[in-house]
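Reading through the structure tokens given below for one structure.
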Amino acid sequence: MHRTYVLINNTSLGGAERRLGRLFARMAKTDAGSCLVVNEMLWRQLLAAGVVTEEETRVWRLAEPCSKLAVGLGLWRGSLSFWIKKLDYLFFACLLLIRYTCARRRLFHLALGGTYVALPLMLVRPGHRFVNSVTNRNLAGLVGVPWALPIYRFALSRCDAIDALSTGIRADLSQRGIAVRKIVTSPGSVVDLDRYYPAAEKEPWVVFAGRFVEEKRPVLFLEAIPAIVQAVPSARFFLLGEGPLRSAIDETLDRLQLRRRVQVGFLPDPVPVLSKACVFVSLQRQDNYPSQSLLEAMACGAVPVATDVGLTWQLVDETTGIRVKPDLAHIAESVSELLKDPPRCDRLGQAGRRRVAEQHSEERYRQHLVALYAGVEPRGECDD
């Protein structure tokens with residue numbers, strides 16, 4: 001059975017997009033008869049981030065007329081821009097209906113906005129097979145608007161299988177009424193170790209990367225910086241991302257007089273920073289496992305300082321980093337200790353990279369997907 005990978009998001013580029021964008025593009029290229037369906041805006045962002053290269057084949061890039069209209073009207077941000085852009089999802093859904101309603105049975109692997117885009121096709125053509133990857137335990141945060149959550153949950157219920165990125169996500173889906181028999185927990189995430197690797201020489205750099213939302217607590221990171229600077233004056237800090245807390249971040253930077261100490265903003269390609277960094281800070285409220293930014297930082301040899309929540313211990317233990325309470329003093333002390341002890345940083349960084357290589361390689365995840373597909377694909381089905 002031929003496969004179609006559907007990855008849609010026209011608002012931002014995050015860990016899930018980087019992880020699945022590269023994986024789906026490579027699988028479409030190597031699997032004859034397969035195709036990656038992706039919106040043009042996301043594809044350009046993946047190119048800018050170095051995730052894909054334009055050498056990939058069998059990629060169907062969907063035009064975004066409504067998004068172009070929003071830009072033409074000067075609506076870069078805000079709720080009106082958001083809703084105009086989301087009209088493109090209806091356009092994408094129509095394109096999928098036209099192309100695949102009468103096609104022979106295929107397997108569709110959906111992610112992010114692809115869940116909504118493929119829902120009409122699920123209803124019109126139930127003979128197709130549908131697998132959905134859920135990458136966030138906070139479904140409400142993933143969906144974005146409260147009224148869309150029931151639609152997303154309904155789409156999940158129509159899927160033949162759900163690939164949950166962690167046991168925490170699996171438990172959350174089960175509590176929301178998704179049949180447990182459909183949910184399979186992945187063995188880990190996917191990191192390109194050829195792309196994410198340590199620099200020959202490290203710098204006393206401390207990095208925080210993620211969306212500027214309450215769940216990730218970027219302001220808490222900033223508030224810990226003055227104590228770190230007092231202990232290690234040579235330290236330099238990076239707050240990489242974008243999001244609704246940007247105004248609160250700017251206020252904190254000014255209040256603490258940190259403008260000269262902290263580089264703030266979204267970087268399409270974080271590798272040049274991560275590869276030189278000694279420490280990576282992850283302060284999520286629910287779970288740091290398996291944060292894509294955290295995995296990429298560990299692959300680059302940056303030692304994680306992460307909040308002790310959820311399944312964080314599966315990545316961060318005494319051999320790879322430090323787990324902390326969401327407490328300013330504890331965070332600052334842990335980061336300072338690492339910066340003052342380069343040999344320890346080097347030892348923990350190497351161990352962290354090994355853990356990522358062992359548990360989160362592309363080969364391991366692809367084997368997981370092959371087994372998952374085999375469980376939902378009809379036996380004896382002829383290819384197109």
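Values computed for the structure shown
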| read-out | value |
| --- | --- |
| Unit charges on C-beta of K, R, D, E only; dipole of region 205-359, Debye | 340 debye |
| Sequence of 212, 130 once ranked by neighbouring C-beta atoms within 10 Å, starting from the fewest | 212, 130 |
| Mean shadow area of region 205-359, taken as a quarter of the surface of its Cα convex hull (nm²) | 7.9 nm² |
| Residues whose placed amide H lies under 5 Å from that of residue 212, excluding near-sequence neighbours | 242, 243, 245 |
| Order of 208, 238, 221 under a 10 Å beta carbon neighbour criterion, fewest first | 238, 221, 208 |
| Percent of Cα-Cα distances greater than 34 Å, calculated over the chain | 29 percent |
| Column: log10 I(q)/I(0), Debye, Cα scatterers of region 34-96, q = 0.13, 0.27 Å⁻¹ | -0.40, -1.12 |
| Region 205-359, relative contact order [Cα under 8 Å, separation at least 6], % | 25 percent |
| Only Lys, Arg (+1) and Asp, Glu (-1) charged, at Cβ; the chain dipole about Cα centre in debye | 800 debye |
| Amide hydrogen neighbours beyond the local backbone of residue 130, cut-off 5 Å, H modeled | 108, 160, 161 |
| Helix-only mean residue ellipticity at 222 nm for the chain, each DSSP H run of n ≥ 4 adding -39500 (n - 2.57), per residue, nearest 500 | -13500 deg cm²/dmol |
| Relative contact order computed over the chain (Cα-Cα under 8 Å; 6+ residues apart), in percent | 15 percent |
| Region 305-384 - percent relative contact order, Cα under 8 Å, separation 6 or more | 23 percent |
| Dimensions (Å) - region 304-384, Cα atoms, principal axes, largest first | 61, 26, 19 |
| Residue exposure sequence - 159, 102, 300 - by fewest surrounding Cβ within 10 Å | 102, 159, 300 |
| Kirkwood-Stokes translational diffusion coefficient of region 25-140, alpha-carbon pairs, 25 °C, 0.890 mPa s, µm²/s | 157 µm²/s |
| Region 231-243 - phi-based ³J(HN,Hα) in whole Hz, Karplus 6.51/-1.76/1.60, Gly and Pro as x | 7, 9, x, 7, 5, 10, 10, 10, 10, 9, x, 7, x |
| Spatial extent of region 141-270: Rg and Dmax, with the Cα atoms as the point set, Å | 19.6, 55 |
| Cross-link reach list, lysines versus residue 86, counting only Cα pairs under 27 Å and skipping chain neighbours closer than eight places | 68, 216 |
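Since every read-out is calculated from the coordinates, none of them should be taken as a lab result. On a predicted model such as this, the values are computed, not experimentally measured, just so you know. Here Cβ is always computed from backbone atoms with ideal geometry, including for glycine, and neighbour counts include all displayed protein chains.
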